[in-house]
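Note sheet for the following structure.
The values are calculated or read from the model by the stated rules, or taken from the named source; none is laboratory data. Keep in mind the model is a prediction, meaning the values are calculated, not measured. For neighbour counting, all protein chains shown are included, and Cβ atoms are generated from backbone atoms with ideal geometry for every residue, glycine included. Note: accessible area is taken over every heavy atom of the protein model, side chains too, but ligands, DNA and RNA are not part of it. Shrake-Rupley method; radii C 1.70, N 1.55, O 1.52, S 1.80 Å.
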Amino acid sequence: MAATMTQENGLRKAFPLLLPAYAWLTLAIFLPLSAMVYFSLLTSMSPSEQSSSLTLENYAAFFSDPLYVTLLLRSLRLGLVVTLICILVGFPAAYVLAKIFKGRAREAIFLLVILPFWSNSLVRVFSWSMVLREGGILDTALNSILPFEVTFDLMYSYPAVVIGLVHSYLPYMVLTCYLSLQAIDDALIEAARSLGASRLTTLRRVVAPLALPGVLAGSALIFIPVVGSFMEPRILGGRGGTLYGTVIEDQFTAVYNWPLGAALSFILLAVVLVILLVSAPVLRKTA
Amino acid sequence: MARVEVRNVSLTFGAHKAVDDVSISFEDGGFYALLGPSGSGKTTLLRMIAGFEFPDEGSIHIGGEAVESVPVNKRRIGMVFQNYALFPNMSVAGNVAFGLQVRGEKGETVRRDVADALELVQLGHLADRRPHQLSGGQRQRVALARAIVTKPRVLLLDEPLSALDKALRTDMQVELKRIQREVGVTTIFVTHDQDEALSISDRIGILNNGRIVQEGAPEEIYDRPKSEFAATFLGDANIFAGTFDGTRLRLQNGEAIDLPSDARPANGDLRLAIRPERVRLVPSAALAESGSSQSSSHLAGTITRRMFSGSQSTYLVESGGQEYKAIVMRGNAGELEVGTPVAMQWDRSDLIVL
């Protein structure tokens, strides 16, 4: 009884603090999203056709054309690959930041990690295109070092998309891993070592399990936007960059079929939610 | 179980000499306390024996084997940390089993040894709990079980009781001593708590500014401290500072004190110490009445404060601009009031020449 009382009381006190955030979220997300739900159920949004009516056809289109499923699977695989590379690259960096560097050195290295956040994402992607294309920076540099001629052209390929996306999203992984690694008491690592564990065993049995929440948070932050990404695939991927996200973008910007684009978006949202729901209990168990 | 030998070990952090040419041996099966104020280098010394820090100079031997460049996981030591450092992602049994598992022990052996270790610390019934479900004292026991289950050559404890409240701390001291006896492992215990060091250990090493100030049995250090630091850090002491003129110690205010009969110090600056409980207080009035003159050493003074603590009273006595402390057990004698003129008396043999 007393517990519920204090909880209610606490909620009343917290209300003024919660209001701005939730009011904003309602306006900025809920309303546009509701509009999108409505659009996705329309037959057409063209102003010339007056007889626009409600239908589920747009959702049915996803299942009738195997292209959409293929592209969605491709996007999911891309999300998986990018997330995995981010873990492999980001976790060790976060470990060094959290557990080895101290003071000034840590601040400096940290800045280098955050730096991508400070540059415009479009600029970032275009600068990659200068590096990766044939006759670009990477190609020229390699040829000036290597004694034999190589043509190095990653531009407009799947690897280019992966490189661009890893670059964009790596800081999320470094930051979330850093936070969870930093929270691990150094004495725990020392305790494991004093009990005879090698560095690798300590990492596997103590550090990694305790840092798992950070890895998972980072993975979620990366996986979800990567699956729906369209800018990097469009600019760096060329023909190889046709993905679920770019198709959705096309519906809005090129084909002007907003109802189909909206429907495809909601299918993606549903698929991602299902993936998170299914994986949550498994991950909670391992954590 | 092994003898630990530290020889001429130094370690400098930047400009700070944390441990400065320390030599000390820890006999097989002994219970040692390293006592000192914070920053004295006691923890750094312990961490070098453990293998978390490596000495710039000097050698460390465990069981006759030079270990100063052996990494911590190869030293076969057990360590208990100040905040216990239990793995939050493992159960109590999992924590204790960890050291056995990383050594590649088989499942059956692990189960048996874990059960034995938990039995030893009387926590067999909590094997499946998580560390956060335990009280401070229970965590302490788990940490201890985890450290000794691997049968280490030496057990290192870094202020393990400092996070516990006083009553629990006393219990754990007794418990720790019992377990140490039962296991027989050489134990080195770092603390800044002098009572803890006195009550628990066979021998004490006092550290200050990175050096061993004095090393010996608790009674020996208490009765015969070699320096003012040792005298005042381990227990309480009144210090008489003055000049030795060949026969007596002359204080700045002109008073003179007889030395112990066997003391043969050089002329010049000299310090004497006396424990507060060795000082007797006699009201000046009573002294005049009995007519007993200045047979034993004494100083005249006035009581400025009385602190009552149950079985005893601590008096502060002002004499010649100095404040002295006297601890009087409460017997049949009545309490002395603040402001009473008294004579502080003592036996010459209780004076300690520093």
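Side notes on the structure shown:
- Options B:LEU120, B:LEU86, B:LEU35: the member that is at pLDDT 95 or above and either under 30 Å from the mean Cα position of the chain (by Cα) or open to solvent by 10 Å² or more (accessible area, probe 1.4 Å) (or both): B:LEU86
- Taken over region B:86-113, residues that are of a type in the set (Ser, Thr, Tyr) and outside any helix (DSSP H, G or I) amount to 1.
- Among residues of region B:272-283 being assigned to a strand (DSSP E or B) and within 16 Å of B:ARG348 (Cβ to Cβ), the one that is most open to solvent (accessible area, probe 1.4 Å) is B:ARG280.
- Unique match (being away from chain A (no Cβ under 11 Å), outside any helix (DSSP H, G or I) and not hydroxyl-bearing (Ser, Thr, Tyr)) among B:ASP116, B:ASP128: B:ASP128
- For A:SER127, the requirement of being open to solvent by 40 Å² or more (accessible area, probe 1.4 Å), part of a helix (DSSP H, G or I) and within 28 Å of A:GLY238 (Cα to Cα) is met.
- Test: residue in region A:231-240 that is open to solvent by 30 Å² or more (accessible area, probe 1.4 Å), away from chain B (no Cβ under 14 Å) and without any contact (Cβ under 8 Å) to a residue 40 or more places away in the chain: yes
- Taking residues in region A:120-148 that are under 21 Å from A:HIS167 (Cα atoms), and partners anywhere that are among the polar types (S, T, N, Q) and surrounded by 14 or more Cβ atoms within 10 Å (Cβ to Cβ), the pairs with Cβ atoms closer than 9 Å and at least 6 places apart or on different chains are A:SER121/A:SER168; A:ARG124/A:SER168; A:VAL125/A:SER168; A:LEU132/A:SER157; A:GLY136/A:SER129.
- For region B:249-260, the criterion of being part of a loop (DSSP other than H, G, I, E, B), under 29 Å from the mean Cα position of the chain (by Cα) and closer than 19 Å to B:ILE303 by Cβ is met by no residue.
- Within this structure, B:ARG103 fails the test of being open to solvent by 50 Å² or more (accessible area, probe 1.4 Å), out of contact with any Asp or Glu (no Cβ under 6 Å at 6 or more places or on another chain), within 9 Å of another protein chain (Cβ to nearest Cβ) and closer than 15 Å to B:LEU156 by Cβ.
- Number of the condition not met by B:SER59 [criteria: (1) within 30 Å of B:ASP195 (Cβ to Cβ); (2) open to solvent by less than 40 Å² (accessible area, probe 1.4 Å); (3) more than 9 Å from every other protein chain (Cβ to nearest Cβ)]: (1)
- For region B:177-200, a residue qualifies if it is under 22 Å from B:VAL149 (Cα atoms) and either under 12 Å from the mean Cα position of the chain (by Cα) or without any contact (Cβ under 8 Å) to a residue 12 or more places away in the chain (or both), and the qualifying residues are B:ARG178, B:ARG181, B:ILE188, B:PHE189, B:VAL190, B:ILE200.
- Residues in region B:73-83 that are facing chain A (nearest Cβ under 7 Å) and open to solvent by 20 Å² or more (accessible area, probe 1.4 Å): B:ASN73, B:ASN83.
- Flag for A:VAL255 being open to solvent by 40 Å² or more (accessible area, probe 1.4 Å) and within 17 Å of A:PHE39 (Cα to Cα): yes
Residues are listed down the side, and each one gets a yes or a no for (1) over 20 Å from A:GLY79 (Cα atoms); (2) at pLDDT below 95:
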{"residue": "A:ILE163", "(1), (2)": "no, yes"}
{"residue": "A:ALA183", "(1), (2)": "yes, yes"}
{"residue": "A:ALA191", "(1), (2)": "yes, no"}
{"residue": "A:PRO209", "(1), (2)": "yes, yes"}
{"residue": "A:ILE224", "(1), (2)": "no, yes"}
{"residue": "A:ARG239", "(1), (2)": "no, yes"}
{"residue": "A:ILE248", "(1), (2)": "no, yes"}
{"residue": "A:GLN251", "(1), (2)": "yes, yes"}
{"residue": "A:ALA262", "(1), (2)": "yes, yes"}
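Residues are listed down the side, and each one gets a yes or a no for (1) open to solvent by 50 Å² or more (accessible area, probe 1.4 Å); (2) hydroxyl-bearing (Ser, Thr, Tyr); (3) in contact with a strand residue (DSSP E or B) (Cβ under 7 Å, 6 or more places away or on another chain); (4) within 12 Å of chain B (Cβ to nearest Cβ):
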site: A:GLY164; (1), (2), (3), (4): no, no, no, no
site: A:LEU175; (1), (2), (3), (4): no, no, no, no
site: A:ALA187; (1), (2), (3), (4): no, no, no, yes
site: A:LEU210; (1), (2), (3), (4): no, no, no, yes
site: A:LEU221; (1), (2), (3), (4): yes, no, no, no
